[in-house]
Amino acid sequence: YLAKDEDGKVIETPADLFRRVARNIAAADRLYDKKADCAATEETFYAMMRDFDFLPNSPTLMNAGRELQQLSACFVLPIEDSMDSIFETIKSAALIHKSGGGTGFSFSRLRPKNSTVKTTGGVASGPISFLKVFNAATEAVKQGGTRRGANMGILRVDHPDVLEFVKCKENDKEITNFNVSVAATDNFMDKVIADKDYDLIDPHTKKPVASLRAREVFDLMVKMAWKNGEPGIIFLDRMNQFNPTPEIGMYESTNPCGEQVLLPYESCNLGSVNLNTMVKSDTNEIDWEKLSRTVKNAVHFLDNVIDMNNYPLKKIEHMTKANRKIGLGVMGFADMLIKLGIPYNSEEAIAMAEKVMSFILKRAREQSRTLAKKRGAFPNYEKSIYKSGKDGVLRNATLTTIAPTGTLSIIAGCSSGIEPLFALSFIRKILDNEQLLDVNPYFKDVATVRGFFSPELMKLIAEKGSLAEIEEIPEEVKKVFVIAHDINTVWHVRMQGAFQKYTDNAVSKTINFQHDATEDNIRDAYLMAYKLGCKGITIYRDRSREEQVLNIPSAHQKRSEVYNIVPRPRPAVVVGTTTKITTGCGNLYVTINEDEEHLPFEVFMQMGKAGGCAMSQLEAIGRLLSLALRSGIDISVIVEQLKGIRCPSPSWEKGGRIFSCSDAIARVVEKQLIKAKEEKKSDMKDDVPLYPKVFSGNEEPGVAVQKKLGNIVGVCPDCGAALYQVEGCNICHSCGFSKCG
């Protein structure tokens, strides 16, 4: 974030950065009062950033007072049903990504796949094909810059191609530059609950073209989310219910993490108040006066950002200044609860969330009205829901947003957004394999004062992750110092709902599930989020993405748990099948045996014409393949490793070309095991209760609990450490990398 010279050498300190930003943003005061004391405003802005009471989104920290001067994090661009519009939008997105912003798109206006294109006499390729074009364009921009652009792709649930869209990221190696979400309407959710069919509408003709059973579509969304976290759901009608300017346009998309709903060509700048610094150190009570003052100054700051921004497109500048939306949120919520002695998973914490956020919203609106008296209302005020003026004239159409604070919370040294702590003690790897024990400072203070602190105990906590099973820790300490792993998912959904009550825009929060969570658990969470008034929900089941399993162990797993896997012992009797397949070297016979639990256990190969070398290689493949099956490795991963390997003697078999013996083995394993598994699941579907009850929000159903440090979703492009998904944003706890503010 610090400015660098042409050689990449850092040329400013953190204090210089805050001074640069404060001076630049304060200068906007002169636009409304030529005699304004910008120096005093600069000091106010500088102090609240220096003390980490408030930080703006990343583009503002990086670009304010520098040549680029692009200060917004969130943009939404429209896509009309024409080639001109599609590729004009791709161009606009590239410019935004280049400037450091993220983009959201709705593909719902594009005509469905295989529909007629009158101008050419051909057929349309459909929205998913163009989603892939946008993805490829983002990849190209990434190659020329330092960070990849982040995108959100949305399709209405009543679009004829919705089933293809729901499954478009089933392979998580495709469409890697997009988060995707289905825009669910109230009509659809009502039909889901009532178990009825709903219509699919051609966006070009506006007429129904087919119907689907709502529960089957909903269950497919749940299944895909269970598989790898995609797609998420946004509740479109609920978002539009709180649209402040419906005469100007209707919401159709969000920013990449889903918390900022915007009209086409709108942008929004975000910032977060650090609740960790809003607790009095002497009494451990909330300093409401300081919080009020910080909110007031933050709204002033964010309103100024709108005027100081260098927008990538004139259309965006026009829409943004017409509505003047800002998004003030929070970080450090978990730290605040700990200082107050309140467990995250408690009714008291839910009540505190509502109390704090309602206070912030009230003070933000008061400041917006104060600014409106000096600077005027936002230009679209007379076309807004506020035009009656009964609540006072507002400067800004929206004021509050709960955004991911991936990098900001690391800079400020506080917990992320509204999430609980992910760990109290963990081992951080630095430099040449050197390890550093990192202990939460508040937990360390409590442990020291109460006399149970020791390096050995902290290492034990780092291994276990949670305090729950450690006898040395007093019970009252365990209750307050809970981590995500300890907390039932119901509390996470309820916490999101509590903050949503007093948030103009939306709340970014990923509901993390353990690996053994079921589709029913996820379905329950979706329904609960809808009932509690959330504007959307994103879930992630631990280790549900292939990269996690193959590349990186969990931050809190012992190495012995990851690497010292003990294969299942061989039972006395196994039962199997032998498949004959033709290869370029002769007929190959592949035998697959299952154990008494009908789980694939071992593989043997025999080739009639094989010589000693070929047979030894087949035996080696068989042994390694059997070891993988006995160790619980996903069959699809095994198949992917063997499939497509080529040799000089390919052959033809029913269904296509066989490239090698390895390729032949992969095809047999795929046919015999993966397809059999899918058929078995399909046969079992009728025996499973189709639909669970809808929760009121007060029950404690058996929904799986969250993971510990967030969920590993890849490798950090900056330092190579684990990349975690937190609140819908990928962040690195080692170096601070994040593509979110």
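The values are calculated or read from the model by the stated rules, or taken from the named source; none is laboratory data. Small disclaimer: the values here were computed from a predicted structure and weren't measured. Cβ sites come from the backbone with ideal geometry, for glycine too, and all protein chains shown count toward neighbours. Please note that ligands, DNA and RNA were not included when accessible areas were found on the heavy atoms of the full protein model with its side chains. Shrake-Rupley method; radii C 1.70, N 1.55, O 1.52, S 1.80 Å.
So which of T489, T448 ends up being without any contact (Cβ under 8 Å) to a residue 40 or more places away in the chain and of a type in the set (S, T, N, Q)?
Exactly one of T489, T448 is without any contact (Cβ under 8 Å) to a residue 40 or more places away in the chain and of a type in the set (S, T, N, Q), namely T448.
Of V439, V482, which residue is open to solvent by 10 Å² or more (accessible area, probe 1.4 Å), more than 22 Å from the chain's Cα centre (by Cα), of a type in the set (A, V, I, L, M) and under 30 Å from G327 (Cα atoms)?
Details: V439 fails: under 30 Å from G327 (Cα atoms).
Answer to the check: V482.
Condition first: open to solvent by 10 Å² or more (accessible area, probe 1.4 Å), farther than 19 Å from H318 by Cβ, in a loop (DSSP other than H, G, I, E, B) and in contact (Cβ under 8 Å) with a residue 60 or more places away in the chain. Now tell me which residues in segment 257-285 satisfy that.
C257, G258
Among the residues of segment 617-650, what is the count of those that are within 15 Å of T583 (Cβ to Cβ), surrounded by fewer than 18 Cβ atoms within 10 Å (Cβ to Cβ) and more than 37 Å from the chain's Cα centre (by Cα)?
Residues that pass the stated criteria total 7.
Do you know which residues across segment 442-479 are under 21 Å from L337 (Cα atoms), hydroxyl-bearing (S, T, Y) and open to solvent by less than 40 Å² (accessible area, probe 1.4 Å)?
S466
I'd like the residue in segment 581-595 that is assigned to a strand (DSSP E or B) and over 18 Å from Q617 (Cα atoms) and, out of all such residues, is most open to solvent (accessible area, probe 1.4 Å).
Restricting to residues being assigned to a strand (DSSP E or B) and over 18 Å from Q617 (Cα atoms), the top hit is E594.
State whether one or more residues within segment 135-152 are at pLDDT 95 or above, among the small types (G, A, S) and buried (at least 22 other Cβ atoms within 10 Å of the Cβ).
Looking for residues that are at pLDDT 95 or above, among the small types (G, A, S) and buried (at least 22 other Cβ atoms within 10 Å of the Cβ), one finds none in segment 135-152, hence no.
Could you check segment 7-34 and list, in sequence order, the residues that are farther than 19 Å from N297 by Cα, of a type in the set (D, E, K, R) and modelled with pLDDT of 95 or more?
Listed by number, the residues that qualify are E12, D16, K34.
Of all residues in segment 23-39, which are of a type in the set (D, E), open to solvent by 60 Å² or more (accessible area, probe 1.4 Å) and touching a residue at least 12 places away in the same chain (Cβ under 8 Å)?
Listed by number, the list holds a single entry, D33.
For segment 361-373, state whether one or more residues are under 29 Å from the mean Cα position of the chain (by Cα) and among the polar types (S, T, N, Q).
no
Working carefully through the options M528, M458, M495, find the one that is assigned to a helix (DSSP H, G or I) and in contact with a Phe, Trp or Tyr (Cβ under 6 Å, 6 or more places away or on another chain).
When all the criteria are applied, what remains is M528.
If F218 satisfies every condition in (1) in contact (Cβ under 8 Å) with a residue 12 or more places away in the chain; (2) under 25 Å from V76 (Cα atoms) but one, which is the exception?
Result: F218 fails condition (2) only.
Picking from V490, V562, V549, which residue would you name as being at pLDDT below 75, closer than 30 Å to K169 by Cβ, open to solvent by less than 60 Å² (accessible area, probe 1.4 Å) and assigned to a helix (DSSP H, G or I)?
V562
Could you say whether any residue in segment 72-87 is at positive phi and open to solvent by less than 20 Å² (accessible area, probe 1.4 Å)?
no
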